[in-house]
Every structure is written in structure tokens, then in C-alpha cells.
Amino acid sequence: MPSHLNPPFKHRTYTLPSQPMQFQRGKGKIKPVKIKRNAKLKFRHILFSLFLLGGIFYCIQQAYLWLISWDNLTIKNVAILCRKNEVKEEIQRYLEGRNLGNMLLFDISHLQKAFTSHRWIKEVSVRKILPATLKIEVKERSPAALLKKKELYLIDEEGVLLEIIEPGKEMNLPLLIDSNNFQEEYEEKLKSAWRCLTSLSNSEKEQLGVIDLTDYNNVIVQLKNKQTKLILGNDHFAQKLKSFQEYRSRLDRYGELEYVDLRFDGRIYIKPKNNPFGDFISNSYKEAN
């Protein structure tokens with residue numbers, strides 16, 4: 001029977017006591033062993049670090065001193081963005097002849113505080129534009145109404161007195177009045193006025209001449225060139241004015257009216273100045289005194 005003296009590896013047989021050896025990787029991860037070395041910090045290392053830090057801080061200090069004394073960073077130009085020419089001219093006069101100094105040392109907050117104290121300036125933004133320019137953007141206050149105290153004032157929506165208006169000067173703004181010259185409850189009365197005005201359309205606002213705020217819970221208005229007082233209460237202002245316009249032709253037959261009370265739903269109370277109808281008016285329309 002033929003046989004191979006040197007059979008291939010896969011056909012070799014193993015006899016006892018030798019057995020084939022198998023290699024099996026362990027299930028857990030092998031953690032590398034780190035060799036710890038204790039670094040010794042010597043005195044020359046500490047000394048070198050101190051000299052290095054000192055050199056860095058010294059360079060920074062010298063660079064800063066050079067920058068704050070550099071002529072190219074001295075403020076030379078001021079750009080003012082403002083729609084109201086009078087305010088722009090006042091800002092220019094305020095800055096004229098002032099040495100604003102170096103751009104890095106200039107205090108923006110101080111300038112903003114000085115400008116916002118101006119009656120016409122609501123907000124102001126000051127920015128630095130390198131190398132030597134300041135940019136000032138101004139948001140002006142917008143006139144919202146005329147207000148009658150001892151003098152006639154132009155005011156904005158926050159109630160800031162902008163300027164005194166000469167009597168007889170025509171302005172297309174409602175006039176706010178108060179029998180006590182707004183000595184009490186000023187803010188509450190203004191809120192009532194703005195609540196009334198914001199509820200009206202532009203065309204309805206243009207018809208208003210006077211808003212009486214003596215009692216801020218009861219707004220009374222007068223239309224332009226009319227003496228009749230329209231009592232509106234404290235809500236639904238636009239709806240009540242619309243009701244008055246709808247019944248206006250019917251009310252005209254009673255002549256000139258002292259007031260028209262529109263505070264009650266579905267009812268209108270009037271008081272004529274001259275009552276030629278005797279008891280007819282008082283029986284048909286109850287007076288709201």
C-alpha cells in the first residue's frame with residue numbers, strides 16, 4: 001500500500017501524547033501599562049518661566065501705552081445721523097471744540113447719558129469706528145399731542161414735554177386738557193388718551209379736536225370746530241364715535257347740543273344748550289348730569 005513519507009500539513013495526524021495546540025485571545029481588553037516618570041522641576045526652570053511671563057506682560061504694557069498715545073487713534077471725525085436738524089445742530093455745538101481724546105480711552109456711556117437727557121432724543125447709539133471716527137445715531141421723539149397746562153406744550157407718547165407752542169399756531173394734533181392742569185394722575189390720564197387714540201383710524205383721529213381727561217375713567221372728546229362734548233367713558237371709543245356719526249343727522253334737529261352721552265349700549269342721552277321743545281327733550285332723552 002503506497003504511503004507518503006511527508007504528507008501535507010492538513011493530512012498529518014497527531015499521535016499521543018502530542019496534541020494540536022490552539023491559540024485563544026482573552027475576552028477582556030488588554031490595558032497598556034504606562035510607565036510613570038517623575039519629572040523633577042529645577043530652579044532654572046522656575047526662573048525661566050518667571051522671566052518669560054514678565055517679558056510677555058512688559059510687551060503688552062508697552063504696546064498699550066503706545067496705542068493710547070498714538071496720534072492715529074485720536075478722534076478726529078464725528079458722524080451724526082439725525083433726522084431733526086435742530087437736534088443735530090445742538091449735538092454739533094456740544095461737541096465743537098471738545099478734545100475727545102484717544103479712541104481706546106473714550107467713554108461712550110458718558111456721551112450717551114449726556115445726549116439722552118435732551119428732550120427731543122429718545123435713544124442714542126454711539127459707536128467707535130477705527131481708526132479715528134465716532135458714529136452717533138439718534139432716534140428722535142415723535143410729537144403725539146398738544147397738552148394744556150399753564151402753557152401749551154407739544155408732547156410725545158411718553159408724556160415728555162418737548163417744547164412750548166405759541167397760542168394760535170395750527171398743528172394737526174389733538175389737544176389734551178384737564179380742569180386741574182394735570183397736577184394729579186398724569187400718567188393714568190395719558191394712558192386713557194393713548195388708549196382712545198390708538199383705537200381710532202387715521203381719519204377718525206383727524207376729526208378729534210379736544211380730549212378732556214379731567215376724569216381719566218371717563219374720556220370726553222370734542223370734534224374739530226364743534227362745541228358739543230361727546231362722553232365716551234373708558235372703552236369702545238371707535239364704536240361710540242361711529243354711533244354718534246350714524247345718529248348725527250337726527251340729533252341736528254335739536255340744535256346745538258351741550259353734550260351727547262354715549263356710554264350706555266343702545267341709548268344716547270343728549271342735553272341741548274337751548275331747549276325750545278320744553279319737556280319733550282327731557283322726556284325722550286334723559287340728561288346725564
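The numbers here are math on the coordinates, done by the rules we state, and not lab data. What you are looking at is a predicted structure, and each value in this text was computed from that prediction instead of being measured. Don't worry about glycine lacking a Cβ; one is built from the backbone with ideal geometry, like all the others, and counts go over all protein chains shown.
Annotations
- Once both labels are positioned 7 Å from their Cα atoms along Cα-to-Cβ, the gap between LYS135 and LYS169 label points is 3.4 nm.
- Around the Cα centre of region 71-140, unit charges on the Cβ atoms of Lys, Arg, Asp and Glu (plus for the first two, minus for the last two) sum to a dipole of about 180 debye.
- Loop-located trypsin sites (Lys or Arg not before Pro) in region 76-111, at most 12 other Cβ atoms within 10 Å (DSSP): ARG83, ARG98
- Stretch gain in nm, segment HIS110-GLN227, where the contour uses 0.36 nm per residue and the Cα spacing is subtracted: 37.1 nm
- Least to most buried among ARG141, ARG127 (fewest other Cβ within 10 Å first): ARG127, ARG141
- In the frame of its principal axes, region 50-138 has Cα extents of 58, 22, 17 Å, reported largest first.
- A simple spin-label model places the labels of ASN202 and SER249 2.8 nm from each other, with each point 7 Å out along Cα-to-Cβ.
- Here region 131-227 is treated with +1 on each Lys and Arg Cβ and -1 on each Asp and Glu Cβ, and its dipole about the Cα centre works out to around 220 debye.
- Checking the Cα-Cα distances for LYS113/LYS148; LYS122/LYS242; LYS122/LYS169 against a 27 Å cut-off, the pairs over it are LYS113/LYS148; LYS122/LYS242.
- Each of LEU251, PHE237, LEU223 was placed along the dipole of region 145-284 (beta-carbon charges, centred on the mean Cα), and the one lying farthest toward the positive end is LEU251.
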